[in-house]
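The values are calculated or read from the model by the stated rules, or taken from the named source; none is laboratory data. Computed from a predicted model, the values in this text were never measured in an experiment. A quick note on method: Cβ atoms are made from the backbone with ideal geometry, for glycine too, and the neighbour counts reach across all protein chains shown. In case anyone asks, the SASA skips ligands and DNA or RNA and just uses the protein heavy atoms, side chains included. Shrake-Rupley method; radii C 1.70, N 1.55, O 1.52, S 1.80 Å.
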Amino acid sequence: MRAKSTGWRRVADNLHLRVVRKLLCVAALFGLSVSVAHAVPSYARQTGSDCVSCHVGGYGPQLTPYGMNFKLGGYTDTDGKGIKIPLSAMLVANWTRTAKNAPEGDQIEGFGANNNAAMQEASIFLAGRMTDNIGTFIQTTYSGVEKKWGLDQVDIRIARSLTLGDKESTIGVSLNNNPTLTDPFNTLAQWRFPYVASDFNAGFGPTPLIESLAGSVAGANAYALFDKNFYAELGFYGTLSPTGLNMINAGDAGKFKGVGTYGRLAYVKDMKRDNFNIGLVGFMANVQPDRNDLGTTNNYRDLGIDAAYQFLGNREHIFTVNASYMKEWQTLNYTYGSVAEADNLKNSLNQFRLAGSYHYNQTWGATAGIFDTRGSTDSLLYASSLNGRPNTSGYILQGDWTPWGKEDSWGAPFANVRLGVQYTGYNRFMGGSSYTDSDGNERRASDNNTVMLFLWTAI
Amino acid sequence: MKKHSLWALAVIAIASFSQPSMAAGDSKKGKDVFAEECGDCHSAMPGKNKKGPGLFGVMGRKAGSVSDFSGYSDAMKQVEITWSADKVDAYIAQPRKVLPGGKMKYDGLDDAAARNDVIAYLSTLK
C-alpha cells in the first residue's frame, strides 16, 4: 500500500530537486510505503470473533482493547476449533477528483489529470496463528497505480502471557519492517486516520523519519504489557541492502550508520465501557543518504506524545478521539555540510494530528481529522515553498458504510466491505496558501482539495 | 393465639420459598452489559465459540462441558460446577478467586445489579 504520500513524491520528483531526493526521500518519499488500509478476516475466522470485536466500526484498522490484546498476544488467540488457514485478501478501488487538474509533472502514467478511477491496491495477507506462541501479519500488495508488487508489511511475533509478581502480563518479540507497525494503539503513523487515502491525493507534506521507513528497514522489537496497563517497547532497526530493497520493490531511505532505535511507553486503561491510552514515542537514527558516499550522516531525533479515548458502551454508539504530536530535530551534516543543499545545519519539523469518529450500530461511520505540519524555514530544502517553509495543514472528512462484519452478518466472516466518501481540504501546502507546483507554476493549496469515493473489501 | 402463630409461620414459609436467592435482573439491561463486558470473548449465538466458549444455554450447563471448545483450563474442566444464577454471580464477580488457575482474563464485575442483569440475559439464551 503506497498511497499516502504519492502526491508529495510526485511534487518532489518532478522538481528534480536533488536535495529533496537526498533528504526528503527520508522525510517524505518513503511515506509511500505507509499502508493505509488493513482488514484481515483470517483473524476473525481464527478467533471466532466478529470484526467488531477487534475494530471500531466493524472494519480495520482502528483497534478496540480486545484487538490490541490480540495483537500483543502475537495474533495467536483461537476459538479452539482446529486449524484455520491464515490467508486473507483485500482490494481497494477508488475514484478521485481534485479541485484543479494535476500539473503535468505530477500526472501518473496511464492516468489523466483529474477524475481518475483506479484499482489502487490488491493485497494478500499471511495473517494468523502459526503455533501457540507465534503469529504473523504479513502483507504483499500490488499497486494498480504504480503497476508493481511490493512487500508491504511484515510483523512476525513471538508472545506469551505470564504472571509477574501477581500481575498478569504479556511479553513478546516482533520482527518487522516498519517502526510504527508494531504499535497497538491508533495514534501513530501506521494506524491513524485516514485509514485509506487516494494515490491521487497531494499528501500531507513532509513527515518525520519514523513515519518514512516502512519497507526499507528490518527491526527486532521487544515489548511488554505489564498488569494490563503499562506498555513498553524497545526496537532496533537496520536498513536493507539495495539488493534486498530491489527484491521487495521498496524505496531506498539511505543506509543507517549504526542502528535506528525505537522506544515506546504508554499507559492504557480499559474500563470495558470506555478506555483511554496516553504515551510517548521516540526514534533516532543517523542516515547516510548516499550509499556511494558513506560516512557523513543526517541525524534525526523524533519524539512524540499521543493520547486516545474510546467510548464503546454496548457498541451501538461508539465515539473515539485520537491525537498525536511529534517533533523532529534534524542535523543535516550531509545535506547541509557535504552537498550544500540545505540552508541550515539544524532544522526541525512539528507534526500534529487529531481525529474524532462516531459509529452507529457498527455500520455507519463519520470521521473528522485535522493535519498540521510545520517546520523550519529552509529555502533550499523546501524549494517548492514560496516562503521556505514546509507548512502543510488541512482537514479530512469521511463518511462510510460497513454493512457486514457483525456476528450475525451475511457471509460472516468472509464477506467484508466498506463504501465511503472522503474529502481532504487544504489550508496550507508547502508553506502557505500557495506554492510552486511541479511545472514551475504557482498553485493554490486549495487546488489540491480532493474528493475520493472508495470501495474497500476483504475476504 | 395458637391459630395466629400457625398462620404467621405459614406466611413466612411461603415467603421463604417464593423469594429468589437473588433479586431478579433486567434482561434488556443485561444484554447491554453482555455487550460491554462479555461479548468480545463469548458468543450468545447457538453453537458459536470465540476466545471463550459460547454462552448460549449456559444456565444449567456443567462447567467446562462445551464439547467443541478446546480452550478450557484444566481448572475449569475439573471443577464440579453446574452454572446456576448464584454460581455465575460468584464467578463473574471474582473469577480468579472462584476458579484459581482459570484462563479467563477478566477482573470481575463489581456492580451486583449489573451482574443480576447479565444473569437475567443469560437465562434467556435457551
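Shown is the FRET efficiency for B:D110 and A:L455, computed with R0 = 45 Å from the Cβ-Cβ distance and rounded to the nearest 0.05: 0.50.
Entry note, region A:273-317: relative contact order of 51 percent, from Cα contacts under 8 Å with a spacing of 6+ residues. Taking a label point 7 Å from the Cα of A:V173 along the Cα→Cβ vector, which residues of region A:199-230 have an amide N closer than 17 Å to it? Label zone hits: A:218-225.
Qualifying chymotrypsin sites (Phe, Trp or Tyr not before Pro) in region A:375-459, where qualification requires a DSSP coil assignment and no more than 15 other C-beta atoms within 10 Å, comprise A:W410, A:F414.
Mean partner shielding of peptide B:42-52, defined as the number of other chain Cβ atoms within 10 Å of each residue Cβ, is 5.
Multiplying the residue separation of A:A113 and A:I305 by 0.36 nm and subtracting their alpha-carbon distance yields 65.3 nm.
For region A:285-331, applying the loop criterion from DSSP together with a ceiling of 16 other beta carbons within 10 Å to the trypsin sites (Lys or Arg not before Pro) yields A:R291. Would you mind checking the pairs B:K48/B:K126; A:K406/B:K50; A:K272/B:K105; A:K167/B:K103; A:K228/B:K29; A:K81/B:K48 and listing those with alpha carbons more than 18 angstrom apart? Beyond 18 Å: A:K228/B:K29. Put simply, chains A and B cover up around 1900 Å² of each other's accessible surface, both sides summed, when a 1.4 Å probe is used. Candidate cross-link partners of B:K31 among the aspartates and glutamates, defined by an alpha-carbon separation under 14 Å and a same-chain spacing of 8 or more, comprise A:E316, B:D40, B:D117. Computed from Cα atoms alone, the Kirkwood hydrodynamic radius reported for region A:56-105 is 15.3 Å. Between amide H atoms placed 1.01 Å from N, distances below 5 Å from A:Q62 occur with A:V56, all of them 5 or more places distant or on a separate chain. I need the phi-derived Karplus couplings for region A:444-454: 6.51 cos²θ - 1.76 cosθ + 1.60, θ = phi - 60°, integer Hz, Gly and Pro marked x. Coupling constants for region A:444-454: 6, 4, 5, 5, 8, 3, 10, 10, 10, 9, 9 Hz. Accessible surface for region B:25-124, divided over its residues, is 49 Å² per residue with a 1.4 Å probe.
Please list, by residue number, every one of the GluC sites (Glu not before Pro) in region A:271-358 that is coil in DSSP and has at most 16 other beta-carbon atoms within 10 Å.
Those satisfying the criteria are A:E316.
For a straight C-alpha distance cut-off of 30 angstrom, the lysines reachable from A:K147 (same-chain residues fewer than eight places away being disregarded) are A:K4, A:K22, A:K100, A:K255.
Using the Stokes-Einstein relation with a Kirkwood hydrodynamic radius computed over Cα pairs, the translational diffusion coefficient of region B:25-124 at 10 °C and a viscosity of 1.306 mPa s comes to 118 µm²/s. Within the same chain, aspartates and glutamates fewer than 8 places from A:K257 are excluded, and of the rest, those with a Cα less than 15 Å from its Cα are A:D290, A:D293. Seen from all directions on average, the protein assembly as shown presents a Cα convex hull projection of 29.3 nm². Peptide B:28-40 has a mean shielding of 4, counted as Cβ atoms of other protein chains within 10 Å of each residue's Cβ.
Phi-derived couplings, Karplus 6.51 cos²θ - 1.76 cosθ + 1.60 at θ = phi - 60°, listed residue by residue for region A:123-128: 10, 10, 10, 9, 9, x Hz, with x used for Gly and Pro. For the protein assembly as shown, give the percent of accessible area contributed by carbon and sulfur heavy atoms, probe 1.4 Å, rounded to a whole number. Carbon plus sulfur share of accessible area: 60 percent.
Local charge for B:G57 was computed over the other residues whose Cβ lies under 12 Å away, with Lys and Arg +1 and Asp and Glu -1, and equals +4. Subtracting the Cα-Cα distance of B:I81 and B:K28 from their residue separation scaled by 0.36 nm leaves 16.4 nm.
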